């Protein structure tokens, strides 16, 4: 299994958990595109947090899981309430075929 599929399978957001209970026939291109957009935003947030331009006051081993959970929820919220255009581009691409 490659690194990208490992990261994708390890994502445990509420939306991803609910998607595992829905049959593939019930999922729509729009839902999958929005989830992909949230996944991409989450990866961007993870990378920016790893860049560590300065020392964080909350940077300790106990806060790391909570920061990851916060980043996951924030990425879901950002992708739901802000139009980044990634989901729309994916929908247009897959509906052409």
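The values are calculated or read from the model by the stated rules, or taken from the named source; none is laboratory data. If you're wondering where the values come from, they're calculated on a predicted model, not measured in any experiment. Note: ideal-geometry Cβ built from the backbone for every residue, glycine included; neighbour counts use all protein chains shown.
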_Members of region 58-74 found to be part of a helix (DSSP H, G or I), free of Cβ contacts under 8 Å to residues at least 40 places away in the same chain and either touching a helix residue (DSSP H, G or I) at 6+ places or on another chain (Cβ under 9 Å) or surrounded by 10 or more Cβ atoms within 10 Å (Cβ to Cβ) (or both), listed by number_ = 64, 66, 67, 68, 69, 70, 71, 74
_Being part of a helix (DSSP H, G or I) and either surrounded by fewer than 13 Cβ atoms within 10 Å (Cβ to Cβ) or at pLDDT 90 or above (or both) is the filter here; which residues of region 81-93 pass it?_
81, 89, 92, 93
